[in-house]
Each structure stands twice: as C-alpha cells, then as structure tokens.
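A short write-up of the structure that comes next.
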Amino acid sequence: MGTLKNLVGAYLWLLERIRGTKSVVEVKRTSNELGSLKGFAIRGFEVAIYCQRKEYSIRYDRWYIRDRTRMTYNVFSVVSNDAPKALRIACELDVDLPALVSNWNFDNEIRRTQVHAYLDLLEKRMLQHETISA
C-alpha cells in the first residue's frame, strides 16, 4: 500500500510540475451577491440562513494549460439571542462548501442543495452541543 501511495504522490508532483505556477483570483460578479433564506424554524426559533457563491479564477502561467474557474458556497446562519445556547453555538457554524451538484444546474438549485447540506451539519452540531451540555 505504501508503494501505491508513493507512486500516486509522484504522479501528482509531476502533474503539478508540468502545469507550472498558477495564481488564484476571486471573481466579483453581481450574481455572487449574498442571498438569504428565512423562515427555517428549528425547535420553534427562526433561523436566517445566508448563502453566497464565491467564484475563483485559476490562471496558469504555462500557455498550454487552460485556465479554470472553481466555485464554493459560503453558508452561515443567524439566530436571535433568546434561542437556546446549543442552537446559538450551532449557528456560529460558517462553512465554505464546494458545489454539491453539477454546475450545469441553475444557481438557485445549487444554493438550495448547499443550504440543505448546511442544515444537516447544523443539526449534527446542535446534537453534539446538547449532549455535551447535558
């Protein structure tokens, strides 16, 4: 198994050497503006969830390597101060997620998928804080 790992590592190192140096630049577009979904009720408390697409251009110095565009989605939430401590702590979660569905989908569908993934993470985080504080 160690030999395979070394072989894959050597292949990836060689691939990076062939590609050469690159620079990563964040692309600012109006379609990347902050969007929000309100009305998610978690145990009777309203949670506002925000999702923003972040787009990055990867530019290679070598002419034969095509430039690429990568996207992540920053998802975070806000809850009122009167919410239970476990929910407030869980809502401090701020994550950058890669697109979990094909980029060929509509942006609204991608954002919806990202928010659902965030809700799964939020639920697990909330359960962890409840068991720790219990």
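Report the full-extension gain for the segment residue 24 to residue 74: residue separation times 0.36 nm, less the Cα-Cα distance, to one decimal in nm. Intermediate values should be presented prior to the final figure.
Values: separation 50, 0.36 × 50 = 18.00 nm, distance 1.74 nm.
My answer for the length gained is 16.3 nm.
Note on the range 57-111: Kirkwood radius taken over Cα pairs, Stokes-Einstein applied at 25 °C and 0.890 mPa s, translational D equal to 170 µm² s⁻¹. As a rough footprinting exposure proxy, the listed residues 11, 50 were ranked by other beta carbons within 10 Å of their own, and the order from fewest upward is 11, 50.
Return the loop-located GluC sites (Glu not before Pro) in the range 60-125 (DSSP other than H, G, I, E, B) with at most 15 other Cβ atoms within 10 Å of their own Cβ; answer none if there are none. Please report the intermediate quantities before stating the final value.
Values: sites: 92, 109, 123; in loops: 92.
Here the GluC sites (Glu not before Pro) that fit, given the DSSP loop and packing criteria, are 92.
Computed from the coordinates by the stated procedures, all read-outs in this text should not be read as laboratory data. None of these values were measured; they are calculated from a predicted model. Neighbour counts are summed over all protein chains in view; Cβ atoms, including those assigned to glycine, are modelled from backbone coordinates with ideal geometry.
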